[in-house]
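Take a look at the structure set out below.
The values are calculated or read from the model by the stated rules, or taken from the named source; none is laboratory data. Keep in mind that this is a model prediction, so the values were computed, not measured. Virtual Cβ from ideal backbone geometry, glycine too; neighbours counted across all protein chains shown.
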Amino acid sequence: MGKLLIVGTVAFDAIETPFGKTDKILGGAATYIGLSAAQFNVEVGIVSVVGGDFPQEHLQMLEDKNIDTTGVEIIKEGKTFFWSGKYHNDLNTRDTLITDLNVLAGFNPIVPNNFTDCDFLMLGNLHPAVQMAVINQIPKRPKLIVLDTMNFWMDNALSELMEVIAKIDVITINDEEARQLSGEYSLVKAAQKIHEMGPKYVVIKKGEHGALLFYEGNVFFAPALPLEEVFDPTGAGDTFAGGFIGYLASTHDISFENMKRAIIYGSNLASFCVEKFGTERMESLSREEVQKRLQQFKELTQFEIELG
Ligand code: AMP
């Protein structure tokens with residue numbers, strides 16, 4: 001069984017979409033990645049930090065999904081990272097209203113002993129200095145390192161982010177962020193520029209328009225499943241990344257062919273995430289439901305064509 005370590009935020013989110021508004025609910029990049037990766041036969045652990053205001057029941061819920069939370073530090077006198085966002089009518093774009101780093105500011109991550117030999121490492125969205133500190137605590141380089149980041153860190157910690165990008169194998173990034181990072185409008189040119197920064201594989205997420213995987217001049221596309229009900233896209237990108245690396249870790253195969261399957265698994269899981277607010281849908285998701293929807297994915301994209 002693959003061993004997957006995830007670093008990222010475990011957070012409180014307050015979300016507003018055209019369909020409603022939430023108070024502080026469970027969120028965070030590592031939370032969504034963990035819930036998604038736990039759908040596969042992999043040993044999953046999280047490195048993160050929360051404050052004394054974080055309910056034990058959330059950590060228990062993750063433990064109940066076989067996600068090891070030993071690496072989630074609790075700073076009793078501190079407050080948990082808080083993010084608030086508001087989605088536009090198309091649900092594909094959002095404004096960040098509040099980012100309160102709280103305990104994340106000055107966080108010194110410690111990889112638990114039982115995960116220093118992980119073979120898959122997911123650097124979820126948080127400060128690149130924290131991502132780098134985690135890389136440096138793993139003596140034998142993992143088989144695959146995947147990085148997810150966002151515009152907030154490009155704006156606030158670009159040089160540290162570039163150092164991390166130089167060390168990883170796969171970057172997952174959304175289209176606007178790929179443009180910001182590369183300075184190119186065309187996503188093909190953006191991917192080329194990002195390859196030059198380090199990663200052999202570049203995954204560009206396009207929300208409800210699917211995701212592109214670039215590798216050595218090849219490109220593969222996974223659509224997003226057209227859904228009847230989309231309530232809240234928060235965490236879809238992280239759920240995608242969790243499905244992607246969870247599948248690779250469970251199969252122990254990091255070939256380009258298997259990565260194609262992995263982005264389909266990632267898209268499939270993300271399609272569930274958006275059906276309810278916050279983590280609710282991912283918490284109740286069964287493997288049977290996942291398998292059933294994979295069939296729909298196959299039907300969506302499969303066609304026969306004669307090439308003359
Ligand atoms: P996504 O919708 O996949 O981009 O991820 C949304 C999650 O990212 C939310 O649950 C937030 O708590 C978390 N988040 C938002 N901003 C940041 C940030 N600057 N660093 C780390 N995590 C963040």
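Observations on the model:
- The C-beta contact set for the stretch 33-45 (first residue in contact (Cβ under 8 Å) with a residue 24 or more places away in the chain, second residue assigned to a loop (DSSP other than H, G, I, E, B) and charged (D, E, K, R), distance under 8 angstrom, 6+ apart or interchain) comprises Gly34/Lys65; Leu35/Lys65; Ala38/Lys65.
- The lone criterion from (1) under 19 Å from the mean Cα position of the chain (by Cα); (2) within 14 Å of the ligand (Cβ to nearest atom); (3) of a type in the set (Gly, Ala, Ser) left unmet by Ala133 is number (2).
- Leading residue by the ranking (farthest from Pro112 (Cα to Cα)) among those in the stretch 137-151 that are within 16 Å of the ligand (Cβ to nearest atom) and surrounded by 16 or more Cβ atoms within 10 Å (Cβ to Cβ): Met150
- On the stretch given as the stretch 63-91, residues that are within 14 Å of the ligand (Cβ to nearest atom), in contact with a helix residue (DSSP H, G or I) (Cβ under 9 Å, 6 or more places away or on another chain) and of a type outside the set (Val, Ile, Thr) total 4.
- Of all the numbered requirements in (1) touching a residue at least 24 places away in the same chain (Cβ under 8 Å); (2) away from the ligand (no atom under 12 Å from the Cβ), Gly106 misses one, and that requirement is (1).
- Only one entry of Glu306, Glu216 meets the criterion of being of a type in the set (D, E, K, R), away from the ligand (no atom under 14 Å from the Cβ) and at positive phi, and that entry is Glu216.
- Every residue from the stretch 152-190 that is aromatic (Phe, Trp, Tyr) and within 14 Å of the ligand (Cβ to nearest atom): Phe152, Trp153
- Selection of the stretch 163-192 for residues being among the basic types (Lys, Arg) and surrounded by fewer than 16 Cβ atoms within 10 Å (Cβ to Cβ) yields only Lys189.
- Inter-residue pairs, beta-carbon under 8 Å, first within 17 Å of Asn156 (Cβ to Cβ) and modelled with pLDDT of 95 or more and in the stretch 72-100, second among the β-branched types (Val, Ile, Thr) and more than 10 Å from the ligand (Cβ to nearest atom), 6+ apart: Phe81/Val49; Phe81/Val50; Phe81/Val103
- The residues in the stretch 109-130 that are out of contact with any Cys (no Cβ under 9 Å at 6 or more places or on another chain) and more than 14 Å from the ligand (Cβ to nearest atom) can be counted, and the count is 11.
- Set Leu26, Leu35, Leu5: member being among the hydrophobic types (A, V, I, L, M, F, W, C), in contact with a Phe, Trp or Tyr (Cβ under 8 Å, 6 or more places away or on another chain) and within 12 Å of the ligand (Cβ to nearest atom): Leu26
- Residues that are touching a residue at least 24 places away in the same chain (Cβ under 8 Å) and part of a strand (DSSP E or B) within the stretch 5-25 comprise Leu5, Ile6, Val7, Ala11, Phe12, Asp13, Ala14, Ile15, Glu16, Thr17, Gly20, Ile25, listed in sequence order.
To keep it simple, each residue is scored yes or no on (1) within 16 Å of the ligand (Cβ to nearest atom); (2) surrounded by fewer than 24 Cβ atoms within 10 Å (Cβ to Cβ); (3) without any contact (Cβ under 8 Å) to a residue 12 or more places away in the chain.
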| residue | (1), (2), (3) |
| --- | --- |
| Leu225 | no, yes, no |
| Glu228 | no, yes, yes |
| Pro233 | yes, yes, no |
| Asp238 | yes, no, no |
| Gly242 | yes, no, no |
| Ser250 | no, yes, no |
| Ser255 | no, yes, yes |
| Met259 | no, yes, no |
| Ala262 | no, no, no |
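- Residue in the stretch 194-204 that is in contact (Cβ under 8 Å) with a residue 40 or more places away in the chain, within 16 Å of the ligand (Cβ to nearest atom), buried (at least 21 other Cβ atoms within 10 Å of the Cβ) and under 20 Å from Leu91 (Cβ atoms) present: no
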